[in-house]
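These notes concern the structure reproduced below.
The values are calculated or read from the model by the stated rules, or taken from the named source; none is laboratory data. Because the structure is predicted, anything quoted here is derived from the model rather than measured. Every residue, glycine among them, receives a Cβ derived from its backbone with ideal geometry; neighbour counts consider all protein chains shown. Please note that ligands, DNA and RNA were not included when accessible areas were found on the heavy atoms of the full protein model with its side chains. Shrake-Rupley method; radii C 1.70, N 1.55, O 1.52, S 1.80 Å.
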Number of protein chains: 2
Amino acid sequence: MDGGVKKPGVTSAEVARRAGVSQSAVSRTFTPGASIAPKTRAKVLAAAKELGYRPNAIARSLITNRSRMIAVVMAYLENLFYPGVLEELGRLLAKEDYRLLLFTGFMDRDSDPVFDQLMQYRVDGIVLASTSLSSELSEECAAAGIPVVLFNRTTERDAVSSVTTRNREGGRRVAEFLIAGGHKRFGYISGLESSSTNRDRFGGYQEALAAAGHTDIIVEVGNYDRAEAETAARKMLSREDRPDAIFVANDHMAVAVMDIARHELGLSIPEDLSIVGYDDVGPARWTSYGITSMSQPLKRMVEATVAILMDQIASGEIEAEHRILNGELVVRTSARLPKTGIVELDGRRIYRPGRG
Amino acid sequence: MDGGVKKPGVTSAEVARRAGVSQSAVSRTFTPGASIAPKTRAKVLAAAKELGYRPNAIARSLITNRSRMIAVVMAYLENLFYPGVLEELGRLLAKEDYRLLLFTGFMDRDSDPVFDQLMQYRVDGIVLASTSLSSELSEECAAAGIPVVLFNRTTERDAVSSVTTRNREGGRRVAEFLIAGGHKRFGYISGLESSSTNRDRFGGYQEALAAAGHTDIIVEVGNYDRAEAETAARKMLSREDRPDAIFVANDHMAVAVMDIARHELGLSIPEDLSIVGYDDVGPARWTSYGITSMSQPLKRMVEATVAILMDQIASGEIEAEHRILNGELVVRTSARLPKTGIVELDGRRIYRPGRG
DNA sequence: CATATTTTTGCATACGCATTCATTATGGCA
DNA sequence: TGCCATAATGAATGCGTATGCAAAAATATG
């Protein structure tokens, strides 16, 4: 009825009056490390509690020029890998006393309008998890002193920090594993062709296959999308010379490929067809799928991401830093096993050729 | 080297000087509906572009007493239903020009420390998706004029707004479906026993079963957790009088139950055992599972949530509002089919008893 | 006890912007 | 052209807090 005014909330001045001290004293009470006498502090805390006072983070940000918010840009969350990342990010950022401003659910892959928003909120750092950033924008961030971390992505010119795994080595290992398993015809269902992860995974795969004399890889595009992966699988598997081994660029698509292979085309996995995925995400571990998959160490990746952010926020230096972590090929039931090279490692079966 | 100072960024005063106008004019240029001459506006926009000016949302919030941020509290994201909610929330909130401050990844189900944070940031609204709120806290929100919406949850005393589906009717329908399918022994794997959804789903199930003379339901607790659901399934299915029909309180657990039943205990689904889930989440549709499941209309639920928030923000009135939506029992392959009652509805098979 | 040193305190100011108010420019109409 | 209504403008102020500075209080030292 009164037209929508949010009640203004208790201010530090009101608390000060109540406690019989100055506004400064109230501020100092809530500023760790500030000079304040214990008894004054106690008075202030009492008054604050009575009035239900909470420091206004907005006003604080205006003074300190720090919002204590990190923007996380994640275009889609359908692939469970990303919710996992989000959850871990939330955990670690909270531990560092940072809040998480999430940008998701925009279909156009263009992050520029989102970028405007996040700059207006003066975030202290940016994590880009499923989008890249045009080079002008990343330069603008650098100029503004805002650290940016590309998560699970890199750019050619490595001007912006990134956290990735050894995708090329991963692709190579997948190839070695499949070759050792005695496969003859190799397929690849690709992710987004513009993404660095996809290029690297395919590059390593292709390279190792070529080294073993296999130069004819059957490729279809899945764009990291479930529906497109289904289409790609149908196409690839209804060929006469269909592959007996497929490397799918991530588990999210691999699940779809397995469903199509088994239930639409009646193929047995791994007897008729071996499938290897990437990420080692939740569903890969579910026994219905049991996907043999290159793992990405999610927790350590997120740790590295937060470490880079905190470091650059603290130092003010924002030279690009690149953290590249190792994964393992986790062996399950979706692909035929090589005779050697499989070892047990804290409860998981891992493929490590040469250790075998 | 210089100890970490984020560059202050361009201010409206600088733009004003550059454009040869007052700071007020700059402000009015970026305030929709403000009184500003087209040519002045053009000058300002030009200067702003040159300098790379973006209005400081923090400073604006301080004046307007609106942060244009909505806090979303979501303890865990492992169940794909919630990432879906998050994505849709992000989409709709962006459309309303609101940002999403996410709180996730805290394991203790207690949301109170989180609550402190979110109040400090003076969010304009709160969505609680996997946590409840102590009654004092919800009263504090009401007093502060901050709308709160419980998503997929309710409290007994309905003092705080909520968006849910007809869980009781859903449970009832599942029971009717399983009875019509000729099942004899009924099991239930429960969600969090303290949650309203779980109570309602079980209540309806129990009620309809009792009406048909089945009063002995075998119950195990899964707490909406995958691992616990696995344990529950093992226990329930290794009994001598194991059920031939299980209602699992959500799909996230139903997937685990199916895996255990099939691959650990060698049961055929639906020949030996029928399974019905809840949510109609992604994996339920994957052909490996094909879970017959009560759907929750995610998009409409999120729509309702945002509508309630926008409404209460605009009006300033925050009397609790309850939106209860309808789901459908989507029939797939995880449960034996009744002879009648299955109809086709925009490409899905739906169970509607009495509709023939 | 006087003096030097340290700790604590309040005053005043600034952060970047929106908004009120008084003033000036603009356009409409006779 | 002159007069009035309206639009546009700038100066000033305040949102809630942190912080530099100087004054005051507390403590240590001789």
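Checking A:79, A:65 one by one, the residue that is in contact (Cβ under 8 Å) with a residue 12 or more places away in the chain, among the polar types (S, T, N, Q), within 10 Å of DNA strand C (Cβ to nearest atom) and within 10 Å of chain B (Cβ to nearest Cβ) is A:65 and no other. Of the helices (runs of 4 or more DSSP H) lying entirely inside the stretch A:1-116, those containing at least 1 residues that are open to solvent by 50 Å² or more (accessible area, probe 1.4 Å) and within 15 Å of DNA strand D (Cβ to nearest atom) span A:12-19, A:23-29, A:38-51, A:57-64. Taken as a whole, the structure leaves residue B:304 outside the set of residues that are modelled with pLDDT under 95, under 30 Å from residue B:147 (Cβ atoms) and among the hydrophobic types (A, V, I, L, M, F, W, C). Yes or no: residue B:333 out of contact with any Asp or Glu (no Cβ under 9 Å at 6 or more places or on another chain), over 30 Å from residue B:94 (Cβ atoms) and open to solvent by 10 Å² or more (accessible area, probe 1.4 Å)? Yes. Restricted to the stretch A:281-306, and to residues that are among the hydroxyl-bearing types (Ser, Thr, Tyr) and part of a loop (DSSP other than H, G, I, E, B), which residue is surrounded by the fewest Cβ atoms within 10 Å (Cβ to Cβ)? The residue in question is A:287. Of all the criteria given as (1) more than 30 Å from residue B:122 (Cα to Cα); (2) more than 14 Å from chain B (Cβ to nearest Cβ), the one not satisfied by residue A:225 is (2). Counting the residues of the stretch A:21-37 that are near DNA strand C (Cβ under 7 Å from one of its atoms) and not β-branched (Val, Ile, Thr) gives 7. Of all the listed residues (A:185, A:168, A:234), the sole one being more than 22 Å from residue A:286 (Cα to Cα), open to solvent by 40 Å² or more (accessible area, probe 1.4 Å) and touching a Leu at 6+ places or on another chain (Cβ under 9 Å) is A:234. Among residues that are more than 8 Å from DNA strand C (Cβ to nearest atom), more than 22 Å from residue A:124 (Cα to Cα) and touching a Leu at 6+ places or on another chain (Cβ under 9 Å), residue B:50 is not included. Residues in the stretch B:128-145 that are assigned to a loop (DSSP other than H, G, I, E, B) and either more than 7 Å from chain A (Cβ to nearest Cβ) or within 21 Å of residue A:69 (Cα to Cα) (or both): B:129, B:130, B:131, B:132, B:133, B:134. Scanning the stretch B:113-127 turns up no residue that is away from chain A (no Cβ under 14 Å) and either touching an Asp or Glu at 6+ places or on another chain (Cβ under 8 Å) or aliphatic (A, V, I, L, M) (or both).
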